[in-house]
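One structure below.
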Amino acid sequence: MLIYIAASLCCEAEKDFNVKLNDFIKSLGHTTYLPQLDGGVMSDFVKQGLNEDEVRQKLFILDVSKMKESDCILVSLDGRTIDEGACFELGYMFALNKICVGFKTDSRSLIRGKNNLMIDGALGRILYAWDELKEYLLDLK
């Protein structure tokens with residue numbers, strides 16, 4: 001099963017968490033697409049001197065293509081609110097009738113312990129611990 005990982009890429013801690021999540025999913029026998037590793041990070045390309053507008057378009061097209069190929073999206077819900085890119089990816093995958101799952105290890109929340117209703121409505125399941133995630137992913141195989 002190809003699992004698309006949607007998560008924030010705003011700081012090193014988030015990027016490190018995303019890699020940990022990616023490695024965990026792969027260790028359970030799934031194939032993953034993690035945009036920061038498999039597509040690249042826009043700021044890195046711009047630092048290399050590439051045109052920002054061209055990079056943005058290239059990464060958008062690549063990520064949309066990978067969402068279409070994927071069977072499932074796993075969205076990191078950590079943070080007070082989830083990343084706006086991850087919100088788009090979740091909505092897109094929901095519209096494609098893909099399996100949509102959230103993973104939240106963070107106690108912060110915008111709305112009394114809950115996410116925006118549109119986020120929760122699109123998610124078939126929200127998992128809160130690594131062992132819960134492991135069990136769920138093993139059942140998906």
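Since every read-out is calculated from the coordinates, none of them should be taken as a lab result. Bear in mind the structure is a predicted one, so any value in this text is a computation, not a measurement. Cβ coordinates were reconstructed from backbone atoms using ideal geometry, including for glycine residues, and neighbour counts include every protein chain displayed.
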Dividing the helical contributions, -39500 (n - 2.57) per DSSP H run of n ≥ 4, by the residues of the chain yields a 222 nm value, nearest 500 deg cm²/dmol, of -15000 deg cm²/dmol
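Counting other beta carbons within 10 Å of each residue's own, what order do 75, 46 fall into, fewest first?
Numbers: 75 26, 46 13.
If I rank by nearby Cβ atoms, fewest first, I get 46, 75.
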Looks like the range 35-91, by Cα gyration tensor root eigenvalues a ≥ b ≥ c and the a/c under 1.5 rounded cutoff (else prolate when a/b is bigger than b/c, oblate otherwise), is oblate
The local net charge around residue 70, scoring Lys/Arg +1 and Asp/Glu -1 for residues other than residue 70 whose Cβ lies under 12 Å from its Cβ, equals -2
With +1 at each Lys and Arg Cβ and -1 at each Asp and Glu Cβ, the charge dipole magnitude of the chain around its Cα centre, to the nearest 20 debye, comes out at 300
Contact order relative to length for the range 2-140, counting C-alpha pairs under 8 Å separated by 6 or more residues, stands in percent at 25
Here FRET efficiency (C-beta to C-beta, residue 65 to residue 138, R₀ 30 Å, nearest 0.05) is 0.60
When the charge dipole of the chain is computed with +1 at the Cβ of Lys and Arg and -1 at the Cβ of Asp and Glu, the Cα pointing farthest to the positive end, of 85, 103, 64, is that of 103
Treating every alpha carbon of the chain as one equal point scatterer without solvent, the Debye formula yields log10 I(q)/I(0) values at q = 0.21 Å⁻¹ of -1.39
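Would you mind classifying the range 9-65 by shape? Square roots of the alpha carbon gyration tensor eigenvalues, ordered a ≥ b ≥ c; an a/c under 1.5 is rounded, otherwise it is prolate if a/b is larger than b/c and oblate if not. Intermediate results must be reported in sequence, preceding the final value.
Values: a/c = 3.33, a/b = 1.68, b/c = 1.98.
Judged from the Cα gyration tensor, the range 9-65 comes out oblate (a/c at least 1.5, b/c at or above a/b).
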Those chymotrypsin sites (Phe, Trp or Tyr not before Pro) from the range 48-141 that are DSSP loop and have at most 10 other Cβ neighbours within 10 Å turn out to be none
